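A quick write-up on the structure given underneath.
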Amino acid sequence: MNGLFGAGSRALGDADAHAREGAKVVTAGPAISLDHVSCVFQSKNGGGQLALEDISLTVDQGELVCLLGPSGSGKSTLLNVVAGLVKPSSGRVRAGAEDVLGPGPDRAVVFQDAALFPWLTLEENVAFPLKLAAVPEDERNARVESLLRLVHLWHFRDRHPHELSGGMRQRGAIARALANDPAVLLLDEPFGALDAQTRELLHAEVERIHSATRKTMLFVTHSVIEAVRLADRIVLMGTRPGRILDVLTVDLPRPRHSADAEVAELALRAGAAIAREVDKVAREEEGRV
Amino acid sequence: MSESASSLRDRGKTAFLRSIVLIALWWLAARAADSPLLPSPADVAQSIWISAKSGVLFRAVGTSAARLVVGYAIALLAGVPLGALLARSRVVKNAIGPLVLGLGAVPSICWLPLAILWFGLTETAIQVVVVLGALLPIATATESAVSHVSPSIERAARTMGASGATLLFRVTLPAAVPGISAGAKLGWTFALRSLMAGELLFVSGGLGQLLETGRDMGDTALVLAVVLAVVALARVCELALFSPIDREIARRWGTANA
Ligand SMILES: Nc1ncnc2c1ncn2[C@@H]1O[C@H](COP(=O)(O)OP(=O)(O)OP(=O)(O)O)[C@@H](O)[C@H]1O
Ligand SMILES: [Mg+2]
């Protein structure tokens, strides 16, 4: 037992050291940039739905940006456009210096439902992207172990996803997403379905992973507290059409806590900024019933 | 461990008691009827013994089982790819989707006359009936299982760089395994039904023909003996093949244990 934990903290220590070195040699230029991106979904009755209208946004390397907005404001669409899973109708999307033409292992995604493969054990799930990338077995095993230790799931490596709790599944999905050392981590409401306590724990974990790996992260949420708790910057989004209302910089020291006074205060401000939009959505949905 | 063993023993015990009660009721009914149309359990047991000793029963079981295995294997090998194609290719779906649905609605025994005209009174003719009986439910279930694979599972795989055949064989099909396996089980029962119908009509060995022989000779005990043999064949396959597969799928995929 002691041996396992010992090795675990060593692996984490390595990641920390690596991150400090990495931070020094970070090259200039944004990790993600969107230039006047619009996205129209064609509906069956011929009409079009403007899910994203004229979005321009850059995310710097190592930055943690939260997309915050009411339901239907195009947060998932924006994330999927960056992931390369949805093609924008117009505009230009770049990851690093490259144009985004489709999904790629440089941009890993964590989905709301974790999307771990049910027929594989946790360990096999994390190894899966490494196998696809033809990473040799020794290296693969070492990498899977350090990732599972990073998210504190090494003891559960032989379990299948249905034998894990929701929070464990999300941590497993994060480990799997980190496997191929992506430049960017995209998270679509990863903790939306979890209870408040578990979410709080996972926030601390994301903060820790972010400071240990210095990955660029784009994190979708509709929780104002979650956004303030985690983000370097918050992108506030509005509906119909999905667009950027405002961008807030969160200049609070880390580690943060959801109960911090500054967090609560900023959350109040951000909340007020999108309250009108949330109201609008509620009114529209009531009107339709 | 000990818990599951004891619950297994309990289940065995109730099954045993149930059989005793059933046999007792059957025996009482046969006593009351006192007619050759309702033979007693002892008569049927004797009939089984005689046909087993002469080898007739085993030959019939062997013939039927061989036909079943061959026809079912063909149906499985063709049905799963067909279902996957129907789920994934718009062209294939538009071209033969309605045809598959239409054929699926026809009991496969209806094809026997045509099969006999085309292939004569051959093994091929009866295999056509078995294959058609099993193929369509397998293809339909596979199509539905593949089209219901969670989109986020496939999206996750695509973000890892999987596409084309890799995506299909390493993600989509494994994700669809519980649904495909349910279809395979359904296909098996359909294969058995089609085979029995075929053998009843088309006299050339097998359990179906033995049933016909029993009827011709007015030997009710033999007819019932063959029915019991069919039940045994179905149950043995179920317990030896499908139950372990179901348990393994439940263990790995986390589907409810049926
Ligand atoms: N595949 C699609 N086809 C058609 N319309 C779509 C599709 N995906 C999204 N939309 C529409 O685009 C708009 C934005 O959807 P999106 O899922 O990006 O919102 P969201 O901000 O993620 O909402 P939520 O918080 O509920 O997840 C919605 O009005 C939705 O109906
Ligand atoms: Mg969404």
Fluctuation leader among B:Ser54, B:Ser108, B:Ser152 - chain B, Gaussian network, Cα springs under 10 angstrom: B:Ser152
Sequence-distant residues sharing a close amide H with A:Val100 (under 5 Å, placed H): A:Val93, A:Arg94, A:Ala95
Backbone HN-Hα couplings from phi across segment A:110-123 [Karplus 6.51/-1.76/1.60, Hz, Gly and Pro as x]: 10, 8, 4, 9, 6, 6, 5, 7, x, 7, 10, 6, 4, 4
A:Glu139 paired with B:Cys110, simple spin-label distance in nm, labels 7 Å along Cα-to-beta-carbon: 6.0 nm
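Kirkwood hydrodynamic radius, computed over distinct alpha-carbon pairs, for chain A: how many Å, to one decimal? Don't jump to the answer; show the numbers that get you there.
Values: mean 1/r = 0.0504 Å⁻¹.
Taking the inverse mean of 1/r over all distinct Cα pairs, chain A comes out at 19.8 Å.
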Point-charge dipole on Cβ atoms (K/R +1, D/E -1) for segment B:55-252, about Cα centre, debye to 20: 840 debye
In degrees, nearest ten, helix A:196-213 long axis to first principal axis of chain A (Cα): 70 degrees
Computed accessible area, A:His162, all protein chains, 1.4 angstrom probe, square angstrom: 80 Å²
Helix-only CD estimate at 222 nm, as mean residue ellipticity for chain A, using -39500 (n - 2.57) per DSSP H run (n ≥ 4): -14000 deg cm²/dmol
Charge context of B:Val223, other residues only, Cβ under 13 angstrom, K/R +1, D/E -1: -3
Between 0 and 90°, nearest 10: helix B:243-253 axis offset from chain B longest Cα axis: 20 degrees
Built amide H within the under 5 Å cut-off of A:Val250, gap 5+: A:Arg233, A:Ile234
Which of A:Val151, A:Leu130, A:Trp119, positive extreme of dipole for segment A:117-181 (C-beta unit charges): A:Val151
Calculated P(r) of the protein assembly as shown - Cα pairs past 46 Å, %: 35 percent
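Would you mind calculating the gained length between B:Ser54 and B:Asp34 on full extension (0.36 nm times residue separation, minus the Cα-Cα distance), in nm to one decimal?
Details: separation 20, 0.36 × 20 = 7.20 nm, distance 2.78 nm.
Full extension of this stretch gives 4.4 nm more.
What FRET efficiency comes out for B:Phe119 versus B:Val227 if R0 is 30 angstrom and r is the Cβ-Cβ distance? Round to the nearest 0.05. Provide the component values of the computation, followed by the final result.
Working: r = 29 Å, r/R0 = 0.96.
The computed FRET efficiency comes out at 0.55.
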Fraction in percent of alpha-carbon pairs per bin - 5 Å, segment A:45-197: 2, 9, 17, 19, 18, 14, 11, 7, 3, 1, 0
Spatial separation of Cα centroids for segment B:201-223 and segment A:183-242, in angstrom: 71 Å
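In percent, what relative contact order does chain A have, based on Cα pairs under 8 Å that are 6 or more apart in sequence? Please report the intermediate quantities before stating the final value.
Values: 524 pairs, mean separation 70.9, N = 289.
25 percent.
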Extension gain (nm, one decimal) between A:Phe41 and A:Ala204, 0.36 nm per residue minus Cα-Cα: 55.0 nm
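Please compute the net charge surrounding A:His222, taking Lys and Arg as +1 and Asp and Glu as -1 over other residues with Cβ under 12 Å from its Cβ. Mind dumping the intermediate values first?
Numbers: positive: A:Lys75; negative: A:Asp188, A:Glu189, A:Glu226, A:Glu277.
That works out to -3.
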GNM top mover of B:Val171, B:Val21, B:Val226 - chain B, alpha-carbon springs below 10 Å: B:Val21
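Helix-only mean residue ellipticity at 222 nm, chain B, DSSP H runs n ≥ 4 weighted -39,500 (n - 2.57), per residue, nearest 500. What is it? List each step's numbers first, then the result.
Details: 12 runs with 209 residues, N = 258.
It comes out at -27500 deg cm²/dmol, rounded to the nearest 500.
Apply the a/c threshold of 1.5 to the C-alpha gyration tensor of chain B and tell me whether it is rounded, prolate or oblate.
Values: a/c = 3.04, a/b = 1.50, b/c = 2.03.
Taking the square roots of the gyration eigenvalues as a ≥ b ≥ c, chain B is oblate.
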Net charge of neighbours whose Cβ lies under 15 Å from the Cβ of B:Arg251, counting Lys and Arg as +1 and Asp and Glu as -1: -2
Among the listed pairs A:Lys87/A:Lys131; A:Lys75/B:Lys93; B:Lys13/B:Lys53; A:Lys87/B:Lys93, those beyond 32 Å (Cα-Cα): A:Lys75/B:Lys93
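The values are calculated or read from the model by the stated rules, or taken from the named source; none is laboratory data. If you're wondering where the values come from, they're calculated on a predicted model, not measured in any experiment. When we count neighbours, we look across all protein chains shown, and the Cβ atoms used for this are built from the backbone with ideal geometry, even at glycine. Surface areas here come from the heavy atoms of the whole protein model, side chains and all, with no ligands, DNA or RNA. Shrake-Rupley method; radii C 1.70, N 1.55, O 1.52, S 1.80 Å.
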